[in-house]
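Below: one structure, written as structure tokens.
Any read-out appearing in this document is the output of simple, stated calculations on the displayed coordinates, not a laboratory observation. Being a predicted model, the structure only gives us computed values, none of them experimental. Don't worry about glycine lacking a Cβ; one is built from the backbone with ideal geometry, like all the others, and counts go over all protein chains shown.
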Amino acid sequence: MTAASASLRSVAIRCEAVTKHYGSGETRIAALRGVDLAIDEGCMTMLVGPSGCGKTTLISILSGILSQSSGELSVFGTDPSRLPDGDRAEWRAATVGFVFQQFNLLPTLTAAENAAVPLLIRGTPWPDAVEIACGHLSELGMAERCGSLPRELSGGQQQRIAIARALVHDPRLLVCDEPTSALDHETGERVIDVLRAAALRSGRAVIVVTHDQRILRHADTILRMDDGRIIVEPVSDAIPPAHGA
Amino acid sequence: MRPLDRLAYRMLIGDRLKYLSLVAGLVFASLLVVQQASIFTGYADRTGSWILDSDGHDLWVMDEQVDMSEDSKPLLQTALSRVRGIDGVAWAVPLYKNYLKARLPHGKLITVRVVGIDDASLAGGPRGAAREALAALRRDQAILVNEDQLATTLAVAQPDGTMRPVAIGDSISINEHQATVAGTFPATPDFFWDPVLYTTYSRALAMAPPERRSTTYVLVKAKPGVELGRLASRIREATGFAALTTEEFAARTRTYVLAQTGILINFGITIVLGFVIGTLVAAQTLYSFILENQRSLAALKAMGVRNARIARMVVVQVLVVGVLGYGIGAGLAALSGSLLDGAGLAFRVTWTTLLLGLLAILTSCTLAGLLGIRRVMRLDPASVFKT
Ligand SMILES: Nc1ncnc2c1ncn2[C@@H]1O[C@H](COP(=O)(O)OP(=O)(O)O)[C@@H](O)[C@H]1O
Ligand SMILES: [Mg+2]
């Protein structure tokens with residue numbers, strides 16, 4: 001274990017021959033057909049590919065929401081699929097920040113309260129959690145909107161709440177499904193900057209599923225998926241990195 | 001409050017309209033349940049009122065076949081002397097009770113319950129009667145009438161056609177025997193509606209038809225220090241008669257009336273219907289509330305809330321609306337009760353009713369909650385990635 005972790009020091013996530021199928025018998029669908037990948041710490045990884053190729057399935061497995069059918073998985077040294085349900089939930093709460101495509105904000109909570117949810121899940125007292133969350137919203141230009149309800153806000157503003165919520169508990173892994181799809185170009189760039197800043201700290205990783213060609217140039221690595229498999233191509237071969245790092 | 005419990009509460013009250021309709025459903029259910037149960041208790045309580053009102057003795061000795069307060073089975077002539085001879089009996093007196101026809105001054109014929117109490121001691125008379133009223137029974141032809149019914153069942157038509165309450169000095173003919181109203185007494189409202197008239201034992205026997213001229217009950221006072229249960233079984237062994245305390249007799253009456261008359265079934269149906277309708281409304285609203293929250297709850301699961309904590313959140317929501325709805329509903333029921341009570345309807349809210357009602361409402365809420373929780377448990381957290 002110690003020898004292995006020493007050699008994996010800079011690798012945040014490693015998959016070996018990971019497969020996932022849904023259902024069984026006649027209706028069995030192979031969504032992942034043997035995924036091998038290694039994602040380094042301090043990296044922003046973008047996951048692209050045609051619809052139905054298995055992107056959502058893959059990030060669900062990496063974030064411990066689904067368990068792989070076979071194969072080896074290590075996320076910061078843990079294979080979440082081997083944890084009992086309750087522990088896996090707690091592992092997610094401690095380790096993963098999510099930005100869902102549909103935002104999934106709680107409609108009756110204010111922006112700050114929504115962003116505070118991961119802290120509340122981990123037991124932070126309500127007022128403290130809301131204050132911290134409001135700080136994160138302010139960094140995203142939402143200082144004035146901390147007390148607004150989601151329905152009073154635009155799609156872009158709601159997306160920023162979702163991003164503040166994903167970052168508020170300082171997770172090691174950030175998983176984003178189409179984080180910029182609802183945003184105009186300028187806001188999209190800003191959001192990517194925030195996500196990048198989160199990724200660049202040591203011991204962190206950010207995975208972004210996206211169709212947005214405009215943001216691909218911010219990626220450190222682009223993973224192309226097709227039909228349940230992955231093709232890794234170093235970003236330097238395709239698009240010059242936008243940031244010096 | 002734990003942060004997630006507060007979160008559950010905020011999810012609940014966030015949508016005012018939905019929240020109010022949830023609470024309103026439960027208020028409605030609780031109101032129905034508590035109100036029907038209290039009316040039921042009120043009526044059940046009123047069975048055997050006249051025996052509960054009777055005063056002065058410890059035990060009622062009666063034919064073993066007697067099921068309740070309105071059931072008069074004649075005792076053998078020897079009953080009184082046999083009971084008097086039993087060890088531990090301080091004194092024993094006869095009491096006569098029967099339904100008889102009474103003709104009011106203006107000629108109207110009604111049914112009354114005539115109770116004849118011992119001429120000498122006047123034991124077994126109505127507890128609330130003033131000393132003078134009881135003493136007035138010693139006058140010739142005297143009867144005492146129930147205060148509450150003076151202006152209703154016993155009202156007298158005047159020559160001009162208007163009605164007036166029956167009054168002291170009025171003549172009432174009971175089974176063709178002349179009687180005079182000598183006084184009144186306050187009586188606890190009775191489930192059985194025919195007016196109770198008190199007179200002396202000998203006068204009551206004289207009024208009764210010849211074939212019914214025998215003691216109905218023997219009232220017994222125990223010697224000081226004698227245990228009533230023991231005395232009752234000694235009487236039973238020695239005479240073959242049943243000997244009951246007033247409370248026991250009232251309980252036997254209540255049980256019989258509830259079991260043998262339609263009121264248990266009728267009220268049972270009303271209570272069950274009210275309960276079912278009310279709780280279905282509540283449960284349905286609650287369940288759909290949980291379903292509408294599915295997406296939010298799935299997101300919480302994805303973000304790392306354990307299933308057990310999700311269940312707890314639903315329980316918090318159920319408890320909040322359940323307790324609030326029940327509190328308001330039961331309060332309204334009590335309020336409506338004090339109005340009904342004023343209108344002469346039987347209505348009694350007991351702690352038992354309130355507790356059972358709360359239990360019933362919370363149970364149905366919990367069931368709805370459990371159904372909801374079952375759905376939420378099965379929620380696939382991966383669904384949060386779906387569009
Ligand atoms: N819960 C599920 N049950 C059955 N099949 C599923 C389920 N989720 C996804 N799939 C199938 O698995 C494949 C990969 O889906 P998904 O990971 O959602 O792809 P993407 O996100 O790249 O569009 C698709 O063929 C999809 O129909
Ligand atoms: Mg997808």
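Can you list, bin by bin at 20 Å, the percent of alpha carbon pairs in the protein assembly as shown, starting at 0?
Pairs per bin, as whole percents: 16, 30, 17, 15, 16, 5, 0.
Mind checking B:304-311 for the average number of partner chain beta-carbons within 10 Å of each residue's beta-carbon?
Taking all residues of B:304-311 together, the mean is 6.
May I ask you to evaluate 6.51 cos²θ - 1.76 cosθ + 1.60, the Karplus curve with θ = phi - 60°, for each residue of segment B:109-115 and list the ³J(HN,Hα) values in order in whole Hz, giving x for glycine and proline?
9, 10, 9, 10, 9, 9, 10
Can you put B:Trp91, B:Trp50, B:Trp351 in order, fewest other beta carbons within 10 Å first?
Ordered from fewest to most neighbouring Cβ atoms within 10 Å, B:Trp91, B:Trp50, B:Trp351 come out as B:Trp351, B:Trp91, B:Trp50.
Return one number: the angle in degrees, 0 to 90 and rounded to the nearest 10, between the long axis of the Cα atoms of helix B:16-45 and the longest principal axis of the Cα atoms of chain B.
Compared with the principal axis, the helix lies near 20 degrees.
Relative to the longest principal axis of the C-alpha atoms of chain B, give the angle of the C-alpha long axis of helix B:246-260, reported between 0 and 90° and rounded to the nearest 10°.
60
Restricting things to alpha carbons, tell me how big chain B is in terms of Rg and Dmax, in Å.
Cα-based Rg and Dmax for chain B come out at 29.7, 96 Å.
Among B:Arg234, B:Arg374, which comes first, second and so on when ranked by fewest other beta-carbon atoms within 10 Å?
Numbers: B:Arg234 16, B:Arg374 11.
If I rank by nearby Cβ atoms, fewest first, I get B:Arg374, B:Arg234.
Ranked by Cβ crowding within 10 angstrom, fewest neighbours first, how are B:Ile290, B:Ile110, A:Ile231 ordered?
A:Ile231, B:Ile110, B:Ile290
Rounded, prolate or oblate: which fits chain A, taking a ≥ b ≥ c as square roots of the Cα gyration tensor eigenvalues, rounded meaning a/c under 1.5, else prolate when a/b beats b/c? Intermediate values should be presented prior to the final figure.
Working: a/c = 1.55, a/b = 1.37, b/c = 1.14.
Because a/c hits 1.5 or more and a/b exceeds b/c, chain A counts as prolate.
Short version: ³J(HN,Hα) in whole Hz for each residue of segment B:192-204, in order, from phi by Karplus 6.51 cos²θ - 1.76 cosθ + 1.60 (θ = phi - 60°), x for Gly and Pro, what are they?
8, 8, 5, x, 9, 10, 9, 8, 7, 4, 5, 5, 5
Given an 8 Å cut-off on Cα distances and at least 6 residues of separation, report the relative contact order of segment B:64-240 as a percent.
Numbers: 332 pairs, mean separation 59.9, N = 177.
Relative contact order of segment B:64-240: 34 percent.
Which FRET efficiency value, to the nearest 0.05, is calculated for A:Arg201 and B:Val323 with the Förster distance at 35 angstrom and r the Cβ-Cβ distance?
The value I calculate is 0.15.
Going by average Cβ density within 10 Å per residue, which order do the peptides A:62-70, A:105-113 take, highest to lowest?
A:105-113, A:62-70
If you fit an axis through the alpha-carbon atoms of helix B:228-239 and take the longest principal axis of the Cα set of chain B, what angle between them do you get, 0 to 90°, nearest 10?
Result, in degrees: 50.
If packing is taken as the average number of other Cβ atoms within 10 Å across a peptide's residues, how do B:99-105, A:23-29, B:135-141 rank, most packed first? Don't skip to the end; give the middle numbers.
On the way: B:99-105: 17.4, A:23-29: 7.7, B:135-141: 14.6.
So the order, starting with the most tightly packed, is B:99-105, B:135-141, A:23-29.
Quick one: check the C-alpha center-to-center distance for segment B:164-234 versus segment B:296-313, whole angstrom.
70
How large is the dipole of chain B about the Cα centre if only Lys and Arg carry +1 and Asp and Glu carry -1, each at its Cβ, rounded to the nearest 20 debye? Display every interim value, and only then the final one.
On the way: 39 positive and 31 negative charges, 407 e Å.
Around 1960 debye, computed over chain B.
Over all residues in B:8-18, what is the mean tally of Cβ atoms on other chains that come within 10 Å of each residue's Cβ? Each step should come with its number before you reach the end.
Values: counts 0, 0, 6, 4, 1, 1, 7, 2, 1, 0, 1.
Mean inter-chain Cβ contacts per residue within 10 Å come to 2.
When you look at the Cβ of every residue in A:99-110, what mean number of other chain Cβ atoms sits within 10 Å?
Average neighbour count from other chains, rounded to a whole number: 6.
Along its principal axes, what span do the Cα atoms of segment B:269-330 show, with the longest given first and each in whole Å?
47, 19, 16
Under a Cβ-Cβ limit of 4.7 Å, which cysteines in chain A have nobody to pair with?
A:Cys15, A:Cys43, A:Cys53, A:Cys176
Put +1 on the Cβ of every Lys and Arg and -1 on every Asp and Glu Cβ in the protein assembly as shown; which of B:Val83, B:Ala250, B:Thr353 then has its Cα farthest towards the positive end of the dipole?
So the residue furthest toward the plus end is B:Val83.
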